[in-house]
Amino acid sequence: MKIPLFDIDGTLFKTANPVHKDAFTYAFKKVYGQPARQDETGPEGKTDSQILVEVMQIRGFPAEETRKKLKTAMQAMTEYFDEHKLDVNPEILPGVKELLLKLKENNIPAGVLTGNVEGIGWTKIERAGIRDLIGFGAFGDKTEIRAELVEIARKTAEIQYGKSFQTNDFVIVGDTPRDIKCARDTGIKVIAVATGIFSYEELFGDKPDLLVNTLEDKKVFDFLLN
């Protein structure tokens, strides 16, 4: 049995979420005195903290200067997102809820590993009505480096379930090449799903351990079980 670590945007839910983007705008203006993010850097598969630092670097601000206010910026993002959570209505992607229910029925834990700030990630999950199906998570306000989230997820799972886990007990499930790289960087398996902006063919080129069009594919559960 393997424990899945699901990405959120593009894997569990459709990626379009204007409130999340507006939360970035709010943080840039309130904390850094900067205008809205203009997609200077591709966000897919990056942590929110990484995006904040990279955008500010592109605008000429040293990374270390940005990091001094990074915690405050992510708190501002969370505050904005929470204030507008009634406008957050994630569209669950095909097969997601069915897979999560099947995992629960078989006593297989399910976690998330996402670039989202923790408060934003949990709010999306709660608004989608699947909070009771996700046991733990590792989030993008903890580190700028996505691969480091795997160890954070492992330790969080140990606390949540009161037992020891090894890194190779986990499997990344994501929709971007960065999800695949995250798994490769940490030596664990990865399931890629072509439900985000990257096509099946593009993901195939990065050689995931399993590649599916949607999480409806029964091979996903079989892979986790065996």
For this session: Among Val53, Val117, Val193, rank each residue by its count of other Cβ atoms within 10 Å, from fewest to most, as a rough exposure measure.
Result: Val53, Val117, Val193
Problem set entry | Amide H contacts of Glu216 (H built 1.01 Å from N, under 5 Å, at least 5 apart or other chain) | none
Exercise. By per-residue mean of other Cβ atoms within 10 Å, what is the highest-first order of 174-183, 95-104?
Worked result: 174-183, 95-104
Exercise. What is the order of Glu79, Glu201, Glu54, fewest Cβ neighbours within 10 Å to most?
Worked result: Glu201, Glu79, Glu54
Seminar exercise, completed: CD proxy, 222 nm, the chain: helix-only mean residue ellipticity via -39,500 (n - 2.57) per DSSP H run with n ≥ 4, per residue, nearest 500, stands at -13000 deg cm²/dmol
Seminar exercise, completed: Expected unfolding gain across Ser199-Glu79 under the 0.36 nm per residue rule, minus the alpha-carbon gap, is 39.8 nm
Problem set entry | Spatial extent of segment 68-226: Rg and Dmax, with the Cα atoms as the point set, Å | 15.7, 46
Exercise. Pairs Lys2/Lys85; Lys97/Lys142; Lys29/Lys124: which exceed 30 Å Cα-Cα?
Worked result: Lys2/Lys85
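Using a Förster distance of 35 Å, how high is the FRET efficiency between Ile145 and Ile92, based on the Cβ-Cβ distance and rounded to 0.05?
Numbers: r = 28 Å, r/R0 = 0.81.
With a Förster radius of 35 Å, E is 0.80.
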For this session: Starting with the highest mean, order 59-67, 206-214 by the number of other Cβ atoms within 10 Å, averaged over the residues of each peptide.
Result: 206-214, 59-67
Seminar exercise, completed: Scoring the chain by relative contact order with C-alpha pairs under 8 Å, at least six apart, yields a percentage of 27
Problem set entry | Under Karplus coefficients 6.51, -1.76 and 1.60, residue-wise ³J(HN,Hα) of segment 209-226 in Hz, glycine/proline x | 6, 9, 10, 9, 6, 8, 6, 6, 5, 5, 5, 5, 5, 4, 4, 5, 6, 10
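Subtract the Cα-Cα distance of Glu65 and Lys155 from 0.36 nm times their separation in residues, and report this length gain in nm to one decimal.
Numbers: separation 90, 0.36 × 90 = 32.40 nm, distance 2.97 nm.
Gain in length upon complete extension: 29.4 nm.
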Seminar exercise, completed: Scattering profile of segment 18-86 from the Debye formula, Cα beads only, expressed as log10 I(q)/I(0) at q = 0.23 Å⁻¹, is -0.99
Exercise. Roughly how many Å is it from the Cα centre of segment 1-21 to that of segment 40-74, as a whole number?
Worked result: 21
Seminar exercise, completed: Residues whose built amide H sits under 5 Å from the amide H of Ile8, excluding neighbours closer than 5 in sequence, are Gly115
For this session: Report the full-extension gain for the segment Asp39 to Asn213: residue separation times 0.36 nm, less the Cα-Cα distance, to one decimal in nm.
Result: 60.0 nm
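Taken together, the values in this text are just the output of simple stated rules run on the coordinates, not laboratory data. Here the structure is a predicted model, which is why all the values come from computation and not from measurement. Note that we place each Cβ from the backbone using ideal geometry, even for glycine, and neighbour counts take in every protein chain shown.
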